[in-house]
Amino acid sequence: MPGPAAGTAHAATTTDVVCLGESMVTFLPSQPGRLADVPSFGRGIGGAESNVACALAAAGHRAAWVGRVGADGFGDHLVETIAGYGVDTSAVRRDPDRPTGIYFRTATDRGAGAHEVAYYRAGSAASAMSPSNVPYGEVFAGRILHLSGITAALSGDCLALLRELTAERPGRPLVSFDVNHRPHLWRGGDASVLLELARRSDLVFVGEDEAEEAWGIVGAEAIRAALPEPSVLVVKRGSAGATVFSGLRPGPRSSNAGGAEDAAAGTGSGDTVTHVPALHVDVVAAVGAGDAFAAGFLSATLRGLPVRDRVRHGHLMAAAVLTVPGDLTEPPARDHADRLAALDDGAWGRLRLGPGWTAADRAPEEVRTS
């Protein structure tokens with residue numbers, strides 16, 4: 001089965017982040033209520049990796065999305081919409097035999113008991129991604145390669161692909177992995193493979209709740225003990241904020257990530273532990289916030305910012321999405337976000353962000369506080 005050649009290099013890199021994974025057309029309800037009662041839906045797009053790519057491009061980075069869609073109208077819509085955010089979609093492949101995945105969801109929070117999602121993705125074009133049909137030159141063309149555990153759950157071929165992409169090899173870019181555990185995708189499957197993939201990655205995002213649900217591991221310190229290999233481990237703790245473990249990964253590693261790797265690595269053999277409180281946000285919809293957080297963190301990593309500011313940029317990017325109905329929105333202007341990220345701890349703790357907070361580039365003291 002063909003794979004990337006040993007020593008695949010990208011010295012002439014022009015892309016900051018390559019995101020690989022499934023994107024689907026999503027149908028958003030016109031009103032609250034059960035799917036059975038909603039009379040009409042608006043069309044949007046959804047997909048963890050394409051969301052990250054769109055947010056990074058909107059924030060001024062050179063982002064590419066690699067995926068597989070059907071040779072159908074929904075595939076056209078996905079590619080055109082993602083490209084409209086400024087994302088390079090030239091490596092997206094069209095499958096003439098399989099459809100583009102779609103899904104419908106209710107307006108309630110994903111964590112709420114009344115939340116419903118109806119997926120139509122079985123046998124989709126994305127589920128046919130494999131080590132034999134992915135364009136490795138484009139996949140390894142960035143400083144960072146961003147992946148998620150959703151892809152691993154789509155099919156055996158997709159899991160084989162992620163194992164290929166996270167394998168150690170000369171010239172491998174920095175691998176960012178969002179665990180993104182989705183229980184409904186693992187029914188009858190073994191979610192422990194997500195732990196395996198995370199251990200093979202350089203920068204890992206994982207929620208405390210999903211680590212407990214997928215692996216039975218409780219608490220940030222225990223998660224780090226189970227994941228000692230990544231240079232940077234970001235443990236998302238919901239309303240409590242995020243805790244980052246950063247240190248040099250044990251053992252050899254070869255990467256062409258350049259400045260991104262330097263920003264992700266610690267400065268000694270032990271961990272530096274950084275905790276950053278979450279923001280107070282008037283939430284409109286929670287869908288897409290985790291992807292936005294990853295995009296904000298990666299953006300700040302590419303810029304070489306300190307760990308605290310990387311987390312704060314993650315929180316700010318998430319707050320932008322939390323205060324709109326859909327998965328994607330225009331992020332705050334960079335200098336606006338930089339000023340907010342630079343606030344002292346007291347001022348950061350008093351921030352309260354609601355709908356429209358990104359529309360004007362306001363000084364920190366003009367942002368509503370609690």
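Take the alpha carbon atoms of the chain, find their radius of gyration, then divide it by 2.2 N^0.38 Å using N residues; give the quotient.
Working: Rg = 19.4 Å, N = 370, 2.2 N^0.38 = 20.8 Å.
Expressed relative to 2.2 N^0.38 Å, the Cα Rg reads 0.93.
Pairs of alpha-carbon atoms within less than 8 angstrom and 6+ residues apart define the contacts here; what relative contact order does the chain have, in percent? Each step should come with its number before you reach the end.
On the way: 838 pairs, mean separation 53.1, N = 370.
Answer for the chain is 14 percent.
For the full complex of protein chains and a 1.4 angstrom probe, list 124, 90, 239, 40 by accessible area with the highest value first. All intermediate terms of the calculation are to be shown ahead of the outcome.
Working: 124 5, 90 90, 239 120, 40 55 Å².
Heavy-atom accessible area, descending, gives 239, 90, 40, 124.
Report the Cα centroid-to-centroid distance between segment 152-201 and segment 217-235 in angstrom, as an integer.
Result: 16 Å between the Cα centres.
Work out the charge dipole of the chain with +1 on the Cβ of Lys and Arg and -1 on the Cβ of Asp and Glu about the Cα centre, then indicate which of 14, 61, 220 is farthest towards its positive end.
Of 14, 61, 220, it is 14.
For the chain, which longest stretch is free of loop sites, where a loop site is one of the trypsin sites (Lys or Arg not before Pro) that DSSP puts outside H, G, I, E and B and that has at most 11 other Cβ atoms within 10 Å? Each step should come with its number before you reach the end.
On the way: sites that count: 34, 187.
So the longest stretch without any such site is 188-370.
Dividing the convex hull volume of the alpha carbon atoms of segment 74-144 by its residue count, what do you get in Å³ per residue? Intermediate values should be presented prior to the final figure.
Values: hull volume 10.8 nm³, N = 71.
Normalising the Cα hull of segment 74-144 by residue number yields 152 Å³.
Report the FRET efficiency, 1/(1 + (r/R0)^6), for residue 185 and residue 334, where r is their Cβ-Cβ distance and R0 is 41 Å, rounded to 0.05. Intermediate results must be reported in sequence, preceding the final value.
On the way: r = 35 Å, r/R0 = 0.85.
Given R0 = 41 Å and the Cβ-Cβ separation, E is 0.75.
Using just the helices of the chain, give the 222 nm mean residue ellipticity in deg cm²/dmol: DSSP H runs with n ≥ 4 each add -39,500 (n - 2.57), and the total is spread over all residues, rounded to 500. If you can, show how the numbers build up before the last one.
Values: 13 runs with 115 residues, N = 370.
Here the helix-only value at 222 nm equals -8500 deg cm²/dmol.
Can you tell me which of 226, 36, 58 moves the most in a GNM of the chain? Springs connect C-alpha atoms under 10 Å apart.
Comparing 226, 36, 58 in the GNM, the peak value goes to 36.
Using alpha carbon centroids, what distance separates segment 112-145 and segment 295-359, in Å?
Cα centroid to Cα centroid, the span is 27 Å.
Once fully extended, how much extra length lies between residue 273 and residue 83, figured as 0.36 nm per residue of separation less the alpha-carbon to alpha-carbon distance?
Details: separation 190, 0.36 × 190 = 68.40 nm, distance 3.73 nm.
Separation in residues times 0.36 nm, less the Cα-Cα distance, equals 64.7 nm.
Would you work out which of 191, 304, 324 lies farthest towards the positive end of the dipole of the chain? Charges go on Cβ: Lys and Arg +1, Asp and Glu -1.
After comparing all options, I get 304.
Could you tell me the ratio Rg/Rh of segment 296-341? Both radii from Cα atoms, Rh via Kirkwood. List each step's numbers first, then the result.
Numbers: Rg = 10.3 Å, Rh = 10.6 Å.
Result for segment 296-341 is an Rg/Rh of 0.97.
Assuming R0 = 45 Å, can you tell me the calculated FRET efficiency for the pair residue 225 and residue 97, based on Cβ-Cβ distance, to the nearest 0.05? Kindly include the intermediate steps, with their values, before the conclusion.
Details: r = 45 Å, r/R0 = 1.00.
After rounding to 0.05, the efficiency reads 0.50.
What's the magnitude of the charge dipole for the chain around its Cα centre, counting Lys and Arg as +1 and Asp and Glu as -1 at the beta-carbon? Answer in Debye, nearest 20. Walk me through the intermediate numbers first.
Numbers: 33 positive and 42 negative charges, 33 e Å.
Charge dipole, the chain, about its Cα centre: 160 debye, nearest 20.
So, with +1 on the Cβ of K and R and -1 on the Cβ of D and E, and no other charges, what is the size of the charge dipole of segment 58-134 about its Cα centre, to the nearest 20 debye? Mind showing how you got there, number by number?
On the way: 8 positive and 8 negative charges, 38 e Å.
So the magnitude is around 180 debye.
Once you have the Cα-Cα distance between residue 76 and residue 133, take 0.36 nm times their residue separation minus that, and quote the gain in nm to one decimal.
18.5 nm
Along each of the three principal axes of the Cα atoms of segment 102-234, give the extent in whole Å, ordering the values from largest to smallest.
48, 39, 26
The values are calculated or read from the model by the stated rules, or taken from the named source; none is laboratory data. Quick caveat: nothing in here was measured; it's all calculated off a predicted structure. Every residue, glycine as well, gets a Cβ built from its backbone with ideal geometry; the counts of neighbours run over all protein chains shown. We work out accessible area using only protein heavy atoms, side chains counted, and drop any ligands, DNA or RNA first. Shrake-Rupley method; radii C 1.70, N 1.55, O 1.52, S 1.80 Å.
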